[in-house]
Amino acid sequence: MRARSAGRSLGAGGRRMADAVLFEFLHTEMVAELWAHDPDSGPGGQNMSLSVLEGMGFRVGQALGERNPAWLPPSSSPWAPQAWPGDPPASAWPKCLPLPPRLSRETLAYREELDILKFLCKDLWMAVFQKQMDSLRTNHQGTYVLQDNSFPLLIRMASGLQYLEEAPKFLAFTCGLLRGTLCTLGVKSLVTASVAALPACKFQVVIQKS
Amino acid sequence: MAVCVAVIAKENYPLYIRSVPTENELKFHYMVHTSLDVVDEKISAMGKALVDQRELYLGLLYPTEDYKVYGYVTNSRVKFVMVVDSSNTALRDNEIRSMFRKLHSSYTDVMCNPFYNPGDRIQSRAFDSMVTSMMIQVC
């Protein structure tokens, strides 16, 4: 236990240096592997691979939805590490997430859908991609468009219109991630992504009313 | 020290329920089941009025002559219900809160386990041993 808490003092918030890069490599390999098994890339085969990727992202999103603490109000700084007796040991925390901030009191802060979406744009994106979403737009009728101008999983590929056809498969996992986190927080949704020019991409979240 | 610990899914079926082995375990199952109504009431009562103040810890749900039942709800609407012996008056609110916190963090560990499918019964040995440490030692 002591060794684990010593590991926690790595930099502000205990960030592990190589985690983001490891996730990027893993993701690249995941996409490559799923596509490699599909020599006759007809529309059916491609859709299978896309839905497998999306399914993986969904499961991870479900876990992250549980793991992330409730959204903090803007006045407090989310990343100031605070000692809390019940903190999980650093090794139990998924590799790429900085250690969670703790509220002075555990509260449920999701008043409405917009709060949940803001949580996705700020906390979830910060935890997984170390940056916040660049813009969130809504039509107030259950459709949200999340825009990221320099999406970390696309930024290494190109800047502009090259590889535009290849880009969507690199977004499938993230779509699933969003859908999974929303599902844990009680919101059924459909998430699609579109790329106009790398590395900017848009995620469209449509809330399904049951 | 708890007498019975239960984890109930969002759809109100048990993911994990464990009680101290006595002759009548069904009584604890029934108590947990009836406490779900109280939990739902608390969640919806606080729903509109003071949503800012809504805590995850729900406190004492209802007392019976022998036992007290405490509840806790997570952001994903998973409920933890704990039945505690009434005669054990030394157990304070803070201790119950810390037991729920431990439950919550073990539950998030279970969720993050890739071999666990959300919605299945919890079979993790780590979770089991954590719950054992919370329950009364009955020989």
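Restricting to region B:7-38, give me the number of residues that are closer than 17 Å to B:Y67 by Cα and open to solvent by less than 50 Å² (accessible area, probe 1.4 Å). Adding up the residues that qualify gives 10. For B:D93, the stated conditions hold: it is touching a residue at least 24 places away in the same chain (Cβ under 8 Å) and out of contact with any strand residue (DSSP E or B) (no Cβ under 7 Å at 6 or more places or on another chain). Would you check which residues across region B:71-88 are more than 14 Å from every other protein chain (Cβ to nearest Cβ) and under 12 Å from the mean Cα position of the chain (by Cα) and list them? Matches in region B:71-88: B:V81, B:M82, B:V83, B:V84.
For region A:156-191, filtered to residues that are at negative phi and loosely packed, with under 15 Cβ neighbours inside 10 Å, the residue that is nearest to the other protein chains (Cβ to nearest Cβ) is A:K188.
Contact map, region A:51-63: first residue within 13 Å of chain B (Cβ to nearest Cβ) and modelled with pLDDT of 90 or more, second residue outside any helix (DSSP H, G or I) and buried (at least 17 other Cβ atoms within 10 Å of the Cβ), Cβ cut-off under 7 Å, separation 6 or more or different chains; pairs are A:Q62/B:P118. Restricting to region B:1-59, name every residue that is at pLDDT 85 or above and on the phi > 0 side of the Ramachandran plot. Answer for region B:1-59, where residues must be at pLDDT 85 or above and on the phi > 0 side of the Ramachandran plot: just B:N12.
Say we look at region B:100-125 and pick out the residues that are assigned to a helix (DSSP H, G or I) and more than 10 Å from chain A (Cβ to nearest Cβ); which of these is surrounded by the most Cβ atoms within 10 Å (Cβ to Cβ)?
Restricting to residues being assigned to a helix (DSSP H, G or I) and more than 10 Å from chain A (Cβ to nearest Cβ), the top hit is B:L103.
The values are calculated or read from the model by the stated rules, or taken from the named source; none is laboratory data. Note that the structure is predicted; figures quoted are calculated from it, not measured. In this analysis, Cβ positions are derived from the backbone assuming ideal geometry, glycine residues included, and neighbour counts consider all displayed protein chains. These area figures cover heavy atoms from the full protein model, side chains too; ligands, DNA and RNA do not enter into them. Shrake-Rupley method; radii C 1.70, N 1.55, O 1.52, S 1.80 Å.
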